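Note sheet for the following structure.
The values are calculated or read from the model by the stated rules, or taken from the named source; none is laboratory data. Source: prediction; values computed, not measured. Using ideal geometry, Cβ is built from the backbone for each residue, glycine included, and neighbour counts are taken over all protein chains shown. Note: accessible area is taken over every heavy atom of the protein model, side chains too, but ligands, DNA and RNA are not part of it. Shrake-Rupley method; radii C 1.70, N 1.55, O 1.52, S 1.80 Å.
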Amino acid sequence: MKDWCERNLTPPGVSFGKECAGVCAGAVLAALYSLRFFLSYFSARAALYETDSLTREAVLREDAVLPAFSELLGTSLRGFSVLAFLLLFVAAYHYAYHFRGSRSILLMRRLPQRFELHRRCLAVPALGLLLCLAAALLLLGLYFLVYRFATPAGCLPDFS
């Protein structure tokens, strides 16, 4: 399978495995950056409580309401949009790669498969964009579930 991908999904001489490893590393970094949601969520959740002067225990304030989910989420998922933007440069690099050295662009244009050049140049960036979208949606759902079910009863803002 890897040999087929190496021959058909990247320009000649470009390693499919290394490119996929780079995209996956970028996705992991974006996912790690998104963990800042938990910092904002748990600091906002801690602000819901006050210390009782008699028992020295944390008690929920009467008027305690957590900020809206979008405020807590903030820019946590921005790493995925940065990675998606960088994948545009990968696609441009793949096209430019064919114009260097032995001028393989001439060979690519003479191949019987009409979209061979485009498949080789856009396959890895398109797979990376799908990975970014899937990971961002998965994390968004996970963060909303944490927001919804880890918040004390009555502290969610009114959505009506």
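See the values below:
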item	result
So Leu9, is it at pLDDT below 85 and open to solvent by less than 40 Å² (accessible area, probe 1.4 Å)	yes
Output for region 125-160, where each listed residue is more than 13 Å from the chain's Cα centre (by Cα) and open to solvent by 60 Å² or more (accessible area, probe 1.4 Å)	Leu142, Phe144, Leu145, Arg148, Phe149, Ala153, Gly154, Asp158, Phe159, Ser160
Helices (runs of 4 or more DSSP H) completely within region 1-89 that count 3 or more residues being under 18 Å from Leu133 (Cβ atoms) and of a type in the set (Gly, Ala, Ser)	16-34
Residues of region 36-64 classified as hydrophobic (A, V, I, L, M, F, W, C) and open to solvent by 80 Å² or more (accessible area, probe 1.4 Å), total	3
